[in-house]
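*Asks:* Below is a structure I'd like to ask you about.
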Amino acid sequence: MGWNFGTTFFYGIAVISLLSGAFFSYKSERKQAGMTWIVLLLILMNCYHTFWAAILNVIHIPVNIISMGIIDLLTGGLLWFFIVKKKKWQRYEFAIADAAFLVTALAIIAVFAKVRYGGMALNINFLTIDPANHFRAAMDLVENGTIAGMFYERVLNGLLFEFLAPFAPVDYFYRFFVLSELIQLLMSAFIFYGIARRLSKDRFGRVAAYVLSFIYMIGYPLCSMLYGFVYLGMGVTVIGMIIILTDVYLKDDMPKWQNIVCLMLGCLAIFECYVMFMPVTFFALITCIFVKQFKAKKLVSKDTVAICLTVFLFPCIVGFYYTYAGIFTNGVTVSSALVNEGACYRDLFSNFVLFIPLMLFGFYGMCRKKENNLVLFLAPYTLLFALYLFLKTVNGQASTYYFYKIHFLLWLIALVLVYYAVVYAEKQTKVLITGSFVMWAFLTGMYLGKIEEKIAVHNDLMISTYKAEDFNDILRYNYVSFGMPGYSKEKEELYHWVYNELISKGEEIVPMAGYWEDDLWYQAISDQRYYGWGQSDPDYTDYFNHLNASDASYILVLKDSQIYADEQAYFDSLERIYDTGIGFVARKELYE
């Protein structure tokens, strides 16, 4: 692969050049919130890399930390040139509340890493097999420098893997993938805090921003991390960034065209990260632009056309070229893909019940103030989209898997509306809002403290059914799922042995005989690619045809698999070169 400390150092310098140049570039006479802009620029950098990856891939230049590093270095140098030439740079403010939030967030993430992923070991521990596919996609970028499909998270993780490559062998790159998931959870908290930070007006608002940001994080974003839905969590965070950038644009807190380019990068990212959220985001953003232009009496003008073309044209061209043309091929359509089921968290409405009064009050406040705001339009558009998906799901035309994905975006919108209720509230109303938070904390404490169970121990007639968890099901689900065991370390040890003793020494392929779910992680960890072997077929004809036709000299067999149980005579006849309790590696012989 060629990644070493030299390339890591080069890319690190390039990224620092880009981020520092963008950070200190002049935006407004007003002091800006420093921590919010650091988070925004980290996300925007990933969007910028997505932009260039789309271009580099078309002209057949590898997408890697060298090509991206050169672009970052040139861009950062150009930004610093203008800063020095104009002798103007942006001033920022950093509040004590920001520092407290940072320390708390890092502490929570450290605890999550320790409990869920074994601390620095960063073990594989996800509730579904989906992350194995996305890990493989990122490794494909590391291997060949190309992109396909929805590639935002592939570029982000692929570049991260290359940057950290000197710190782990290839068969341990999954640790970087787990680290990325933790970083994305952290970013979800920071992006919500950034949204609230722009709205907060007093001490009550700052405290509410602090509390709500963590309530937001331990809800659907944490669930996304537990499942390994990398693209989904990143997509919602990108929309959070677009909410802030739209507010900056509407309040003229940044040079107009500089801001519009940032919005374009955000729109491209959401198209290439999670396309299902693209329509509602685009419609909400274009509505905000139209309202701003209407108030300025420029709705029907060249300026409006120029703004809309700049924001949406390139993202749509790239999105359709890579996402639709790259995914919906060989008979696959949007309708056929939409009915595919999968593992995910499912709860229709209970997580939103406690917040509904505040959500409605926050939305009422936005309408009453007649303030142009992305959430003002994103909320009804997303709700209508959710209703549309609900009807299609009930009628069997869409899967519950995709219907419940929209809840991850609804969670962000819901808690932003709750925070707007905090901002809009008068002094007396804040008492009611505080009461709502106390109610949530009381029910959460009842569940986490198992109070109802303890009461039932003393007198089982006191409690017929446990109710506290019913109003906070996402927290219950995350809490129960958090302690579940991770992927088998015995199987991992086999995969590492194959990579170190066979693949890294020249063997091109060592296929697995096992469940397809294990095979995905095996291929990703051992850095192999073979597709369509049909291990889940009942008679395994396709699998053994592939095996006989392959140039493989060895095969890995998992003893807990159905294929081993059904074809044990064949597998036990093979000469074993490495054997453990969970499986073995053997010399391949023709299957007859």
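*Asks:* Arrange the peptides 43-50, 32-39, 76-83 so that the one whose residues have, on average, the most other Cβ atoms within 10 Å appears first.
*Replies:* Details: 43-50: 23.5, 32-39: 19.5, 76-83: 15.4.
Per-residue mean Cβ counts within 10 Å order the peptides as 43-50, 32-39, 76-83.
*Asks:* So, one more: Helix-only mean residue ellipticity at 222 nm, the chain, DSSP H runs n ≥ 4 weighted -39,500 (n - 2.57), per residue, nearest 500. What is it? Please report the intermediate quantities before stating the final value.
*Replies:* Numbers: 25 runs with 388 residues, N = 592.
Using -39500 (n - 2.57) per qualifying helix, the result is -21500 deg cm²/dmol.
*Asks:* For K31 paired with E341, estimate the spin-label separation in nm (one decimal), with each label point 7 Å from Cα along the Cα-to-Cβ line.
*Replies:* Roughly 5.7 nm, to one decimal.
*Asks:* Using a ≥ b ≥ c from the Cα gyration tensor of the range 464-565 (square roots of the eigenvalues), is it rounded, prolate or oblate, where a/c under 1.5 gives rounded and otherwise the larger of a/b and b/c decides, a/b for prolate? Each step should come with its number before you reach the end.
*Replies:* Working: a/c = 3.38, a/b = 2.12, b/c = 1.60.
Prolate, since a/c reaches 1.5 and a/b exceeds b/c.
*Asks:* Also, quick follow-up: Starting from 0.36 nm per residue, how many nanometres of slack lie between K505 and F81 once their C-alpha separation is accounted for? It would help to have the intermediate numbers written out before the result.
*Replies:* Values: separation 424, 0.36 × 424 = 152.64 nm, distance 4.82 nm.
That pair, K505 and F81, stretches by 147.8 nm at full extension.
*Asks:* Pull up all non-local amide H partners of Q32: gap of 5 or more, or a different chain, and H-to-H distance under 5 Å with H placed in the peptide plane.
*Replies:* The list, which skips near neighbours in sequence, is R91, Y92, E93.
*Asks:* Efficiency by 1/(1 + (r/R0)^6): what FRET value for L360 and A148, r their Cβ-Cβ distance, R0 = 45 Å, to the nearest 0.05?
*Replies:* About 0.55, to the nearest 0.05.
*Asks:* What's the local net charge at F403, with K and R +1, D and E -1, over the other residues with C-beta under 12 Å away? Please report the intermediate quantities before stating the final value.
*Replies:* Details: positive: R346, K392, K405; negative: E341, D347.
Residues close to F403 contribute a combined charge of +1.
*Asks:* With r defined as the distance between the Cβ atoms of A100 and Y479 and R0 fixed at 35 Å, what FRET efficiency is calculated, to the nearest 0.05?
*Replies:* Numbers: r = 25 Å, r/R0 = 0.71.
My answer for the efficiency is 0.90.
*Asks:* Continuing with this model, one more query. Using modelled backbone amide H atoms (1.01 Å from N, in-plane), which distant-in-sequence or interchain residues come within less than 5 Å of L127's amide H?
*Replies:* Residues meeting the criterion, in which the H sits 1.01 Å from N, are Y227, G228.
*Asks:* Something else about it: With the Cα gyration tensor of the range 83-184 giving a ≥ b ≥ c as the square roots of its eigenvalues, does the rule (a/c under 1.5 for rounded; else a/b larger than b/c for prolate; else oblate) give rounded, prolate or oblate?
*Replies:* Numbers: a/c = 2.39, a/b = 1.30, b/c = 1.84.
Since a/c reaches 1.5 but b/c is at least a/b, the shape of the range 83-184 is classed as oblate.
*Asks:* Once phi is turned into θ = phi - 60°, what whole-Hz ³J(HN,Hα) does the Karplus curve with 6.51, -1.76 and 1.60 give for every residue of the range 225-241, x standing for Gly and Pro?
*Replies:* 5, 4, 7, x, 7, 4, 5, 5, x, 4, x, 5, 5, 4, 5, x, 4
*Asks:* Just one of [x] 40; [y] 26; [z] 31 is percent of Cα pairs over 40 Å apart as worked out from the coordinates here. Which one is it?
*Replies:* This structure yields the entry labelled [z].
*Asks:* State the extension gain, in nm to one decimal, for the chain segment bounded by A121 and R368, taking 0.36 nm per residue of separation less the distance between their alpha-carbons. Each step should come with its number before you reach the end.
*Replies:* Values: separation 247, 0.36 × 247 = 88.92 nm, distance 5.17 nm.
Separation in residues times 0.36 nm, less the Cα-Cα distance, equals 83.8 nm.
*Asks:* Ordering S488, S224 by how much accessible area each has at a 1.4 Å probe, largest first, what is the list? List each step's numbers first, then the result.
*Replies:* Details: S488 30, S224 5 Å².
Reading off the accessible areas and sorting them downward yields S488, S224.
*Asks:* What fraction of the DSSP beta bridges in the chain is antiparallel, stated in percent and rounded to the nearest 5?
*Replies:* Antiparallel bridges: around 65 percent, rounded to the nearest 5.
*Asks:* I need the shape label for the range 1-142. Rule: rounded when a/c is under 1.5, else prolate if a/b > b/c, else oblate, with a, b, c from the alpha carbon gyration tensor. Working shown, then result.
*Replies:* Numbers: a/c = 2.32, a/b = 1.16, b/c = 2.01.
The shape class here is oblate.
*Asks:* Determine ³J(HN,Hα), in whole Hz, for all residues of the range 90-95 in sequence, where each value follows from phi through the Karplus function 6.51 cos²θ - 1.76 cosθ + 1.60 and θ = phi - 60°; x replaces Gly and Pro.
*Replies:* 7, 9, 10, 10, 10, 8
*Asks:* Ranked by accessible surface with a 1.4 Å probe, highest first, in what order do K489, K27 come?
*Replies:* Details: K489 95, K27 10 Å².
From most accessible down to least: K489, K27.
*Asks:* Further question: How much accessible surface does D579 have with a 1.4 Å probe, in Å² rounded to 10?
*Replies:* In the full protein context, D579 sits at about 80 Å².
*Asks:* What does the accessible area of I582 come to, in Å² to the nearest 10, when a probe of 1.4 Å is used?
*Replies:* 40
*Asks:* Quick one: order R368, R576, R136 from most to least accessible surface, probe 1.4 Å. Before the final figure, lay out the partial values.
*Replies:* Numbers: R368 145, R576 80, R136 25 Å².
The ranking, largest first, comes out as R368, R576, R136.
*Asks:* 5 Å is the cut-off here: which amide hydrogens, built 1.01 Å from N in the peptide plane, fall below it relative to Y578, excluding neighbours closer than 5 in sequence?
*Replies:* For Y578, the qualifying residues are V585.
*Asks:* Moving on to the next point. Determine ³J(HN,Hα), in whole Hz, for all residues of the range 210-224 in sequence, where each value follows from phi through the Karplus function 6.51 cos²θ - 1.76 cosθ + 1.60 and θ = phi - 60°; x replaces Gly and Pro.
*Replies:* 4, 5, 5, 4, 7, 4, 4, 5, 7, x, 5, x, 5, 4, 4
*Asks:* For a quick check of understanding: with a 1.4 angstrom probe and all protein chains in place, what accessible area in square angstrom does I96 have, to the nearest ten?
*Replies:* For I96, solvent-accessible area is about 150 Å².
The values are calculated or read from the model by the stated rules, or taken from the named source; none is laboratory data. Keep in mind it's a predicted model, so treat the numbers as computed, not measured. Heads up, the Cβs are rebuilt from the backbone with ideal geometry, glycines too, and the neighbour counts pull from every protein chain shown. The protein model used for the area step is the full one, side chains on, heavy atoms only, and it has no ligands, DNA or RNA in it. Shrake-Rupley method; radii C 1.70, N 1.55, O 1.52, S 1.80 Å.
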